[in-house]
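Everything below concerns the one structure shown next.
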């Protein structure tokens, strides 16, 4: 191997990373636009009752889909030694589970319909149970594409699924299929992308015999399953407590607070989340490279997510009345606190993946269980102070619950908390300048201006202040990010065609 081989490999991986983020962002956000359009058209034809029936049918299926593949999707990406016969047997194992779950939902369809007192739900449950089969068939080809860093194809697959789903929804609603429009569209999208993935990466399927040889990946898969169940439990515990203790009206207010605080930030973080498995598993045994990508991506995410979260908090009292109306003023206070939590969530986005994609599934499982214990108790205690207390539980208790994850992850990549804070500093300091600028502009604006004008002026001043502060105070850090993107683009332009 030549001396410059590591540098070439790093440049290639940088190129894959940046292009993966770009492709994922473009097709994910384009897909969102298509999805909104199709949903808006169908909503004019279908009734709230149609959506309610499908919501009842999806209640159990949605939970099962988070754990249905026994964690093999993550195990196959992380453990690159699973190939050949072992992969084929694991594929057979996952597909067998998919069919068993489909059969279980078919058997339970009538009791579920009786529980909801809606006879139509039974047939919907049976049909939607097929999603367990389609998801199982996708596990191996998706994992293979992730390991090969084929982000362009993964992004295309996501967009094609959205396109098939929404096109079928619009056609079915127009043809008058009613509630079945919301079922056939989901199945059409799922099986379209399944066939596409198998076409791109066909794979062998063997009967899952001699599973004792696969005890390690099955144990790891079990730990992932427990982690996902724990995550589902604590991430939905807040709404459960709000609905049970504070009532339906408070739950409606809280739901809007969550939506406003997370929607845009999640679109940013989800793009990065989709590309890191392949990158992190590629360098999982090279600590210096793993540390580099962790710090690089943490800084990038914080630069994008911090101003959105803190900016939303700063203009919440203007945004909520303009967007929702003055009757939703109760959203403002919890929204501001949840924005602070969302900023923290973005800053620690890559802590969990460090554990996951370096094979520390056991540590990740116990950290998730710890959060599952701490968060519901915190939500219940916070409910004594209403929605503000629930929001404070996220702000205070979640960082405490995440502390073990931080400690383990930082040990894995050999950094301390100050190093992590240093890469978050540009986004954090510039966001503080932005918030102060917004407050100053609002103070200087004459009273009596329309609320929309004040909101737009505040947003404009905040964006300008953030950009100026970032450039003046952290110009070297910004230039480093820009230079990396330029170098990757230059390498892509000069690379020979495959």
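The values are calculated or read from the model by the stated rules, or taken from the named source; none is laboratory data. Quick caveat: nothing in here was measured; it's all calculated off a predicted structure. Virtual Cβ from ideal backbone geometry, glycine too; neighbours counted across all protein chains shown.
Within the stretch 32-47, restricting attention to residues that are out of contact with any helix residue (DSSP H, G or I) (no Cβ under 7 Å at 6 or more places or on another chain) and more than 22 Å from residue 263 (Cβ to Cβ), the residue that is modelled with the highest pLDDT is 44. Taken together, 318, 324 contain a single residue that is at pLDDT below 95, in the same structural domain as residue 454 (by TED's automatic domain parsing) and surrounded by fewer than 20 Cβ atoms within 10 Å (Cβ to Cβ), which is 324. Only a single item in (1) more than 25 Å from the chain's Cα centre (by Cα); (2) exposed (fewer than 14 other Cβ atoms within 10 Å of the Cβ); (3) touching a residue at least 12 places away in the same chain (Cβ under 8 Å) is not met by residue 29, and it is number (1).
Scanning the stretch 192-205 for residues that are surrounded by fewer than 16 Cβ atoms within 10 Å (Cβ to Cβ) and either farther than 29 Å from residue 352 by Cβ or at pLDDT below 85 (or both) yields 195, 198, 199, 202, 204.
Starting from residues that are in a helix (DSSP H, G or I) and in contact (Cβ under 8 Å) with a residue 24 or more places away in the chain, keep the ones in the stretch 469-480 and report whichever is surrounded by the fewest Cβ atoms within 10 Å (Cβ to Cβ). Quick ask: steps written out before the conclusion?
Quick first cut of the stretch 469-480, residues in a helix (DSSP H, G or I) only: 469-473, 475-480.
Subsequent filtering for residues that are in contact (Cβ under 8 Å) with a residue 24 or more places away in the chain retains 469-470, 473, 477-478.
Numbers: 469: 20, 470: 21, 473: 15, 477: 17, 478: 17.
The residue in question is 473.
Filter the stretch 241-252 down to the residues that are free of Cβ contacts under 8 Å to residues at least 60 places away in the same chain and either part of a helix (DSSP H, G or I) or under 16 Å from the mean Cα position of the chain (by Cα) (or both) and list them by number.
At the first step, the residues of the stretch 241-252 found to be free of Cβ contacts under 8 Å to residues at least 60 places away in the same chain are 243-244, 247-249, 251-252.
Within the stretch 241-252, 243, 244, 248, 249, 251, 252 qualify.
Residue 215 meets the conditions (1) farther than 30 Å from residue 41 by Cα; (2) surrounded by fewer than 18 Cβ atoms within 10 Å (Cβ to Cβ); (3) modelled with pLDDT under 90; (4) in contact with a helix residue (DSSP H, G or I) (Cβ under 9 Å, 6 or more places away or on another chain) in every case but one. The failed one is (4). Looking at 13, 100, just one residue is assigned to a helix (DSSP H, G or I), outside the structural domain of residue 271 (by TED's automatic domain parsing) and modelled with pLDDT of 80 or more, and that residue is 100.
Condition check: over 30 Å from residue 375 (Cβ atoms), touching a helix residue (DSSP H, G or I) at 6+ places or on another chain (Cβ under 7 Å) and in a helix (DSSP H, G or I). Does residue 164 satisfy that?
Working: over 30 Å from residue 375 (Cβ atoms): yes; touching a helix residue (DSSP H, G or I) at 6+ places or on another chain (Cβ under 7 Å): yes; in a helix (DSSP H, G or I): yes.
Spelling it out, residue 164 is indeed over 30 Å from residue 375 (Cβ atoms), touching a helix residue (DSSP H, G or I) at 6+ places or on another chain (Cβ under 7 Å) and in a helix (DSSP H, G or I).
Of the residues in the stretch 273-283, not one is surrounded by fewer than 23 Cβ atoms within 10 Å (Cβ to Cβ), at pLDDT 90 or above and out of contact with any strand residue (DSSP E or B) (no Cβ under 8 Å at 6 or more places or on another chain).
When you go through 189, 178 one by one, which is the residue that is crowded, with 16+ Cβ neighbours inside 10 Å and in contact (Cβ under 8 Å) with a residue 60 or more places away in the chain?
178 is the lone residue from the list that is crowded, with 16+ Cβ neighbours inside 10 Å and in contact (Cβ under 8 Å) with a residue 60 or more places away in the chain.
Those residues that are outside any helix (DSSP H, G or I) and crowded, with 23+ Cβ neighbours inside 10 Å, I need them from the stretch 336-357; list them, please. Within the stretch 336-357, 350 is the sole residue that qualifies.
Among the residues of the stretch 298-310, is there at least one that is in a loop (DSSP other than H, G, I, E, B), outside the structural domain of residue 140 (by TED's automatic domain parsing) and closer than 16 Å to residue 352 by Cα? Scanning the stretch 298-310 turns up no residue that is in a loop (DSSP other than H, G, I, E, B), outside the structural domain of residue 140 (by TED's automatic domain parsing) and closer than 16 Å to residue 352 by Cα.
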